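The values are calculated or read from the model by the stated rules, or taken from the named source; none is laboratory data. Computed from a predicted structure; not experimentally measured. Here the Cβ positions follow ideal geometry from the backbone for every residue, glycine too, while neighbour counts run over all protein chains shown.
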Amino acid sequence: MVLAADSMSLETRHLGFTISPHEECGVEEAVRLIEANGGESVVLTLGPPEAAEQLRDAMALGIDRAIHLQTDGAEWDGEATAAAIVEAVRADEAASGPFDLVFFGNESADSGGFQVGLRVAHALRRPCVTGLKGVTVDGGSVRCEQDADGGRDVYVVPMPAALTVKEGLNLPRYPSVPGRMRASRKSVAASTPARPPARLELVRLVVPPGQGRRAEVLGSGPSAAPAVVEMMRKIGVV
Amino acid sequence: MAPVLVLMDQSKASMETLTLARRFGGSVHSVRMDAIQPFAPDAVAAILALAANDLNASAVFAPGTDRGNDVMARLAARTGLPLAANCVDVAPGTPVSVSRQRWGGSLLESALLHSPRPLITVAPNSVPVEAEPAPIDVDVKLLLTQIEEGDFAVCVNDHMAAAGGKVSLAEAKVVVSGGRGVGSKEGFAIIEELAGLLGGAVGCSRVVTSAGWRPHSDQVGQTGTKIAPDLYIACGISGATQHMAGCKGAKRILAINADAEAPIMQNADYAVIGDLKEIVPAISAEIRKIK
């Protein structure tokens, strides 16, 4: 990972952007639920203008329309992000009716705040279950499976509810060419929320120590096997 | 010095959490994750909020486990306070300085937490544990009577036990993982054989899961399982950031790879260069000789 000159962000000139793995599974789950039960699905992101590409990607998978809370690329902490989403969800529900389910990734791949979904759920007064690997809608309630010691814990909560999901919930589909063409005609509602001051304020990013060490080469090909087993013996695993 | 409140569970991460919490200097008080049975995360958050008020706690800490982060985010939401998740270091003050994990720990963030009561979770496997006296248990019986019924609406209703017999990936002493270089679903037979001989677990990289060669439960990485074995053997794995975030808790890493310049070589302790399809069976044969 390469930091930008001011150490406040990653150098992204040579990087591509994509939907994070947890969120990708959230999108897939929403598309599957609508395919099975009917209804409408909406995808929402808070991010710079370039994030519109990920909204198109989600619509190419089958999401019906998108909401883009546009930023200037500056850092938003978890509290501020959640507040902007709450406002957007309330406005959309006032215009188009309530959502039965709101999906979130369990934590964002980049900032890893572990809180946006729960904060939104609390503000909207909806039950929230996190880290889900299984979601089954049954009438007016939803059965949620969460990895736990020695198996899975099951929660059943009434809808409307907010759920945070993890990769492994499903295997997301690839977008089809017709899907991409349909996506280009779907609607993206953009707005520009104001960013409140961060109470978790980024000072700088640091590459942790311990990276960039050099492996001790024990050998090449199968003839290295005795040296490998000798190493295993030394560290006590055989 | 004002007291500090800590949410504790059975994990080693709880001991790491205590180590950082003691930096705040006051007496350390604890609420147990299993204070409410069956587990009801909103009710545990409510207990923490009540206990923090009763103690006038200077900060609330929890381990950065699934449940720890979940309960602390609920506490943050209900108290309207900011939360710093997965910290590896803290320095008390106004504001509190924290160092916290981003990108699953591939990067650290130095941040200032502006809060009258800092809420902090501690990243597992990130802090050297200092042995110190046990914390003081908070008596939750009185607090329980003050919790609203709605806080029990989300609770564990059932538990599905995993199929037995397999060594758990998260707890295995040795993990043998395969990546793209394994080539196919069937190619994992030699990985399974070596893991079996070492009493370890089989893992894989994200590309393997996406290809459908192994279930997601075998995936080691930022969005899979985070492991902390004594030895991690990465076979045919290039070492993408997403993967390394899952295995950096390993005490030692052995990379078996055809490419001596693969990124994983920068993060491994030992390497064997060559075709894993020849090397892995040769290691298994060598282990059989001494068993």
Considering only region A:189-232, how many residues are in contact (Cβ under 8 Å) with a residue 60 or more places away in the chain, surrounded by fewer than 14 Cβ atoms within 10 Å (Cβ to Cβ) and within 7 Å of chain B (Cβ to nearest Cβ)?
1
Result of the Cβ filter at 9 Å on region B:142-169, keeping first residues that are over 30 Å from B:Glu193 (Cβ atoms) and partners that are surrounded by 11 or more Cβ atoms within 10 Å (Cβ to Cβ) and aromatic (Phe, Trp, Tyr), at least 6 apart or interchain, is B:Val154/A:Tyr155; B:Cys155/A:Tyr155; B:Cys155/B:Phe39; B:Val156/A:Tyr155; B:Val156/B:Phe39; B:Asn157/A:Tyr155; B:Asp158/A:Tyr155
The lone condition B:Val90 fails out of (1) surrounded by fewer than 24 Cβ atoms within 10 Å (Cβ to Cβ); (2) in contact with a strand residue (DSSP E or B) (Cβ under 7 Å, 6 or more places away or on another chain); (3) among the aliphatic types (A, V, I, L, M); (4) within 19 Å of A:Leu118 (Cα to Cα) is (4)
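Counting residues that are crowded, with 21+ Cβ neighbours inside 10 Å, which strands (runs of 3 or more DSSP E) fully inside region B:111-182 reach at least 3?
Working: elements: B:119-122, B:158-161, B:174-178.
Answer list for region B:111-182: B:119-122, B:174-178.
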Region A:72-112: number of residues that are in a strand (DSSP E or B) and either crowded, with 21+ Cβ neighbours inside 10 Å or within 14 Å of chain B (Cβ to nearest Cβ) (or both)
4
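Checking the structure you have, find out if any residue of region A:113-127 is among the aromatic types (Phe, Trp, Tyr), more than 8 Å from chain B (Cβ to nearest Cβ) and over 18 Å from B:Asp151 (Cβ atoms). Walk me through how you get there before you give the answer.
If we filter region A:113-127 for residues that are among the aromatic types (Phe, Trp, Tyr), which is where we start, we get A:114.
When the remaining residues are screened for being more than 8 Å from chain B (Cβ to nearest Cβ), the result is none.
Within region A:113-127, none of the residues are among the aromatic types (Phe, Trp, Tyr), more than 8 Å from chain B (Cβ to nearest Cβ) and over 18 Å from B:Asp151 (Cβ atoms).
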Please verify whether B:Ala45 is crowded, with 22+ Cβ neighbours inside 10 Å and assigned by TED's automatic domain parsing to the domain that holds B:Ile120, treating the condition exactly as stated.
yes
Looking only at region B:135-166, count how many residues are under 30 Å from B:Ala268 (Cβ atoms) and either in the same structural domain as B:Ser11 (by TED's automatic domain parsing) or in contact with a helix residue (DSSP H, G or I) (Cβ under 8 Å, 6 or more places away or on another chain) (or both).
0
Qualifying positions in region B:239-261 - crowded, with 19+ Cβ neighbours inside 10 Å and more than 10 Å from every other protein chain (Cβ to nearest Cβ):
B:Gly239, B:His243, B:Gly246, B:Cys247, B:Ala250
Only one of B:Val90, B:Val98 that is farther than 18 Å from B:Asp70 by Cα and either within 12 Å of chain A (Cβ to nearest Cβ) or outside any strand (DSSP E or B) (or both)
B:Val98
